[in-house]
Amino acid sequence: MSEVVAITGASSGIGEALALAWARRGAGLVLGGRDAGALARVAREVERAGGEAFVEPGDVTDEADRARFVGRALREKGRLDVLVNNAGRGYYGAVRALDLAEVERLFALNVFAPLRLTQLALGPLEASRGAVVMMSSVAGVAASPRMGAYAASKFALEALSVSLRAELAARGVRVVVVRPGPVDTPFRDHAVTDGGEAGVRPPGVRAQRPEAIAEQTLRGLDRGRPVVETSAFVRVASASARLAPPLFRALAARMARKGA
């Protein structure tokens, strides 16, 4: 039986690439996002690739829209096998100047929305012995200058995922955390930026294509991996932050001095 997969933030970037990767497997896709026109375009591409698409425009920070999104899979296909919490945005700025209202909006999208969507989806996922995919970031384990707010939201998502994975193990539901580094998507264009440029990209680190993230995500699910780190840069940064904190602190301070 083909999988039924619900993806938030499916109108572009990693979400779109994930939808097309599952479509090539013949999956049924519920596509969520705020841009109905862009979702319709992705739906057409999904169907050309061999999948089945159901468009559910909405705002994942709105409870009614969240319930409608999860419920669409049950109404159309009677089941849900994978929930992909992909929607999110960045916020780049010095911690001393962060706008608390913007931070609250950031957490509403990056933390509270995936938390609540997961709660709504747990019944169907337990019935199918399915999976939750949390789209995190290298920033979820390694915070850099000017990324404090965004990293805090991803640290929170990582913590929720660790607890959730343990709580659901006996129920047969897997929790997979995906940690990309820089990715060639409109993510930076949509980020909130307080002075300076959006994002931090160390010299020599190339942005990955969203298709590569999608391929690694599906491979990680197939292999039962709890965490998918999508590049050598992510693996090195993650290991450095956890295993060599003094070195990582020194590098972060150097980046801050250079105005990164």
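Can you pull out the residues in region 1-18 that are modelled with pLDDT under 95 and in contact with a Gly (Cβ under 7 Å, 6 or more places away or on another chain)?
Within region 1-18, S2 is the sole residue that qualifies.
If E158 passes every condition in (1) surrounded by fewer than 24 Cβ atoms within 10 Å (Cβ to Cβ); (2) out of contact with any Ser or Thr (no Cβ under 7 Å at 6 or more places or on another chain); (3) charged (D, E, K, R) but one, which one does it miss?
(2)
Tell me which residues, restricted to region 71-109, are part of a helix (DSSP H, G or I), open to solvent by less than 10 Å² (accessible area, probe 1.4 Å) and within 27 Å of E52 (Cα to Cα).
A73
Restricting the search to region 115-134, which residues are open to solvent by 10 Å² or more (accessible area, probe 1.4 Å) and either under 13 Å from the mean Cα position of the chain (by Cα) or closer than 19 Å to G88 by Cα (or both)?
Passing the criteria: L115, R116, Q119, L120.
Hey, any hits in region 36-48 for a residue that's closer than 16 Å to P114 by Cα and aliphatic (A, V, I, L, M)? Step through it out loud before you land on a result.
Going through region 36-48, the residues closer than 16 Å to P114 by Cα turn out to be none.
No - not one qualifying residue is present in region 36-48.
Do we find a residue being small (G, A, S) and out of contact with any helix residue (DSSP H, G or I) (no Cβ under 9 Å at 6 or more places or on another chain) anywhere in region 113-120?
Looking for residues that are small (G, A, S) and out of contact with any helix residue (DSSP H, G or I) (no Cβ under 9 Å at 6 or more places or on another chain), one finds none in region 113-120, hence no.
Among the residues of region 139-155, is any within 13 Å of the chain's Cα centre (by Cα) and open to solvent by 20 Å² or more (accessible area, probe 1.4 Å)?
yes
The values are calculated or read from the model by the stated rules, or taken from the named source; none is laboratory data. All of these numbers come straight from a predicted model, not from anything done at the bench. Positions of Cβ are generated from backbone atoms using ideal geometry, with glycine treated the same way; all protein chains shown enter the neighbour counts. SASA here: full protein model, heavy atoms, side chains in, ligands and nucleic acids out. Shrake-Rupley method; radii C 1.70, N 1.55, O 1.52, S 1.80 Å.
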